[in-house]
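Structure record follows, encoded as structure tokens.
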Amino acid sequence: MPRGEAVAGGLIRAVPGDVSDEDQVRRIFDDAGPCQVVIANAGIAEAAPFARTTLDQFSRIMAVNLTGSS
């Protein structure tokens, strides 16, 4: 777990992770301890026109971008 940086009386920590891996997300939160604020910034896209995006591709995009799963 990255150390973090003290800012305005608190601690800011950036932690890379794969939001589609539930076990990894649980480990991150277990390692972090109590959190007052969490900012999750994750998203994927396909390099194809929407009309050529398959249902599987679209489902994965929605799963990661909206629910953080795959």
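The values are calculated or read from the model by the stated rules, or taken from the named source; none is laboratory data. Keep in mind the model is a prediction, meaning the values are calculated, not measured. Reconstructed Cβ throughout: ideal geometry from the backbone, glycine too, with neighbour counts over all protein chains shown. The protein model used for the area step is the full one, side chains on, heavy atoms only, and it has no ligands, DNA or RNA in it. Shrake-Rupley method; radii C 1.70, N 1.55, O 1.52, S 1.80 Å.
Computed values, structure above
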read-out: Region 38-46 - phi-based ³J(HN,Hα) in whole Hz, Karplus 6.51/-1.76/1.60, Gly and Pro as x; value: 10, 10, 9, 10, 9, x, 9, 8, 9
read-out: Per residue value of the accessible surface for the chain (all protein chains in place, 1.4 Å probe), Å²; value: 84 Å²
read-out: Accessible carbon and sulfur surface of the chain relative to its total accessible area, %, 1.4 Å; value: 54 percent
read-out: Total formal charge among the other residues, if their Cβ is under 15 angstrom from that of ALA63, Lys/Arg +1 and Asp/Glu -1; value: -4
read-out: Helical mean residue ellipticity (222 nm; -39500 (n - 2.57) per DSSP H run of 4+; nearest 500) of the chain; value: -8000 deg cm²/dmol
read-out: Accessible-area order (highest first, 1.4 angstrom probe) of the listed residues ARG60, ARG13; value: ARG60, ARG13
read-out: For the chain, built as a Gaussian network whose Cα springs stay under 10 Å, the top-fluctuating residue of ALA48, ALA32, ALA40; value: ALA48
read-out: Residue of PHE58, PHE29, PHE50 that the Gaussian network model of the chain assigns the largest fluctuation, springs spanning Cα pairs under 10 Å; value: PHE50
read-out: Compactness of the chain - radius of gyration and Dmax, Cα, Å; value: 15.6, 49
read-out: Summed side-chain charge close to GLN24 - residues other than GLN24 whose Cβ falls under 15 Å, Lys, Arg +1, Asp, Glu -1; value: -4
